[in-house]
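Read through the structure below, which is laid out as structure tokens, and then see the notes.
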Amino acid sequence: MRTRTLRFGLYADEQGLAWVQSLVDEAVAARSARVVARTAEPPATDLFDGLAEQWAWEHPGRSSGARRPVELRVRVVCSLRTWRALRKTVIRTLCPEGAAPHACRVPWFAA
């Protein structure tokens, strides 16, 4: 087992960030992995700047409120196979695909 990092760029307010963190926690618990560290900070680069534009496009006329770009890093002790499954599960849960057009609750970018 190694320590691996799940890294996501988000355009979220505190409530949205807490929701994403709970998705990660649920996925980790389901896989018997272990979170050893978690950080949520403004991104060091402009890599996630397009998320604000995504919000505006998916939610026309709605204020972004307190949303801001944030980079969520979660360090997890697990195998590579488990890390891949965790990442896939979180991505699928963040914005589930369906037949109808939809908007993501929290715009995101998996890094």
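Can you give the longest run of the chain that contains no trypsin sites (Lys or Arg not before Pro) sitting in a DSSP loop with at most 15 other Cβ atoms inside 10 Å? Result for the longest clean stretch: 1-61.
Take the Cα of Gln54, step 7 Å toward its Cβ, do the same at Val36, and the gap between the two points is 2.9 nm. Dividing the mean sequence gap of close Cα pairs (under 8 Å, 6+ apart) by how many residues the chain holds gives a relative contact order of 49 percent. Kirkwood radius for the chain, taken over all pairs of different Cα atoms as the inverse mean of 1/r, rounds to 14.5 Å. Partnerless cysteines in the chain, where a partner means another cysteine C-beta under 4.7 angstrom, comprise Cys78.
Each reported figure results from applying straightforward, stated rules to the coordinates on display, with no laboratory input. Model, not experiment: these values are computed from the prediction. Reconstructed Cβ throughout: ideal geometry from the backbone, glycine too, with neighbour counts over all protein chains shown.
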